[in-house]
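This report refers to the structure that appears directly beneath it.
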Amino acid sequence: MKKISIIAAVVLAAIMTSCGNGTPKANMKSDVDSLCYAIGMAQSQGLKDYLAMRMGVDTTYMNEFIKGLNEGANAGDDKKQQAYIAGLQIGQQVSTQMIAGLNHELFGEDSAQYVSQNNFMAGFVAGTLEDTTIMNVEAANEYAQTNMKTIKARQMQTMYGENKKAGEEFMAEIAKKEGIKQIENSGVYYEVITEGDGQIPADTSFVKVKYEGTLIDGTVFDGNMDAEKPMTFRCNQVIPGWTMALTHMPAGSKWKVYIPQGMAYGEREAGDKIKPFSTLVFVIDLVSVGR
């Protein structure tokens with residue numbers, strides 16, 4: 001018999017009838033009874049893992065799950081009970097996915113700050129009931145798109161403002177160093193370690209590169225200088241500061257490049273070591289142009 005997906009299994013379980021909130025007792029009086037039991041057993045395959053991994057259910061409380069499962073199955077065609085159960089399911093998604101996701105989007109790992117679930121739910125319910133007393137859906141979408149970035153940027157500034165300031169001070173000192181050059185007023189500075197005489201790539205060119213990346217305190221966060229083969233990628237597939245440097249470097253060159261946060265990852269975090277507003281330093285060895 002062809003297996004039904006786990007989602008289908010959940011739906012099937014929800015429409016089967018049972019007795020009470022405990023574990024239903026099998027009554028094998030006929031081959032149809034046995035068939036029903038067998039299909040029920042077969043459709044439960046993988047369900048416990050699905051509950052834990054996909055729905056976030058603590059399987060320590062499987063008795064509570066069975067209680068809810070039986071209530072859902074016993075609801076049958078009771079429209080009122082069906083609506084209530086659907087509300088429970090979506091409410092759980094609001095809490096564990098929407099609210100949690102919004103908290104992370106706005107405040108990152110700062111657990112001391114969190115959005116108002118009460119206000120979220122007030123808006124969610126108003127939208128569901130088509131209540132436009134405060135705003136309609138179109139206005140809500142526009143407000144969210146306009147203000148999400150502003151609020152997030154303000155939070156990032158609060159959390160990582162010192163990082164930004166340190167980077168600006170570092171770049172101001174770099175600009176004063178002898179032998180340092182700026183690329184087209186971009187804020188990206190470089191010093192030549194080795195000057196090549198090969199082709200200068202366009203932003204759409206593929207290049208072969210070896211490099212090492214560090215923070216302004218010297219912490220190495222990435223690199224492949226010791227690798228046997230260089231990396232190959234297109235110049236416009238990297239952060240803007242890299243693209244700026246590569247499209248001014250003759251092949252065969254090795255430069256030390258200083259990239260301000262605005263030409264790097266900006267307010268984004270990249271990996272474990274690159275925090276928002278990080279100024280980055282790279283030694284870039286442009287081995288060749290082309291695949």
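The values are calculated or read from the model by the stated rules, or taken from the named source; none is laboratory data. Keep in mind that what you see is a predicted model, and the values were worked out from it rather than measured. Backbone-built Cβ (ideal geometry, glycine too); neighbour counts: all protein chains shown.
Inspection of segment 186-208 identifies at least one residue that is exposed (fewer than 11 other Cβ atoms within 10 Å of the Cβ) and part of a loop (DSSP other than H, G, I, E, B).
Please specify each residue of segment 209-241 satisfying the condition of being in a loop (DSSP other than H, G, I, E, B) and closer than 21 Å to residue 274 by Cα. Those that are in a loop (DSSP other than H, G, I, E, B) and closer than 21 Å to residue 274 by Cα: 216, 217, 218, 219, 224, 225, 238, 239. Please work out if residue 215 is closer than 30 Å to residue 104 by Cα and in contact with a strand residue (DSSP E or B) (Cβ under 7 Å, 6 or more places away or on another chain). In short, yes. Quick one: would you say residue 284 is surrounded by fewer than 14 Cβ atoms within 10 Å (Cβ to Cβ), assigned to a strand (DSSP E or B) and hydrophobic (A, V, I, L, M, F, W, C)? Spelling it out, it is not the case that residue 284 is surrounded by fewer than 14 Cβ atoms within 10 Å (Cβ to Cβ), assigned to a strand (DSSP E or B) and hydrophobic (A, V, I, L, M, F, W, C). Scanning segment 114-142 for residues that are surrounded by fewer than 13 Cβ atoms within 10 Å (Cβ to Cβ), under 21 Å from residue 97 (Cα atoms) and among the hydroxyl-bearing types (Ser, Thr, Tyr) gives 116, 128. Comparison of 258, 265 shows that the only residue that is part of a strand (DSSP E or B), crowded, with 19+ Cβ neighbours inside 10 Å and either touching a residue at least 24 places away in the same chain (Cβ under 8 Å) or not assigned by TED's automatic domain parsing to the domain that holds residue 194 (or both) is 258. Residue count for segment 97-111, restricted to those that are without any contact (Cβ under 8 Å) to a residue 24 or more places away in the chain and either farther than 18 Å from residue 56 by Cα or touching a Gly at 6+ places or on another chain (Cβ under 6 Å) (or both): 2.
Within segment 242-255, the set of residues being surrounded by fewer than 19 Cβ atoms within 10 Å (Cβ to Cβ) and in a strand (DSSP E or B) comprises just one member, 254.
Does at least one position in segment 161-169 carry a residue that is touching a Pro at 6+ places or on another chain (Cβ under 6 Å) and of a type in the set (A, V, I, L, M, F, W, C)? So far as segment 161-169 goes, no, none of its residues is touching a Pro at 6+ places or on another chain (Cβ under 6 Å) and of a type in the set (A, V, I, L, M, F, W, C).
Screening residue 179 on (1) at pLDDT 95 or above; (2) part of a loop (DSSP other than H, G, I, E, B) shows it passes everything except condition (1). Scanning segment 76-93 for residues that are surrounded by 13 or more Cβ atoms within 10 Å (Cβ to Cβ) and farther than 25 Å from residue 122 by Cβ yields a single hit, 81. For first residues located in segment 58-86 and outside any helix (DSSP H, G or I), partners that are not β-branched (Val, Ile, Thr) and lie 6+ apart or on another chain with Cβ distances below 8 Å form the pairs 58/52. Among the residues of this structure, residue 164 counts as one that is assigned to a helix (DSSP H, G or I), basic (Lys, Arg) and under 25 Å from the mean Cα position of the chain (by Cα). The set of residues from segment 161-176 being of a type in the set (Asp, Glu) and at pLDDT 95 or above comprises 168, 169, 173.
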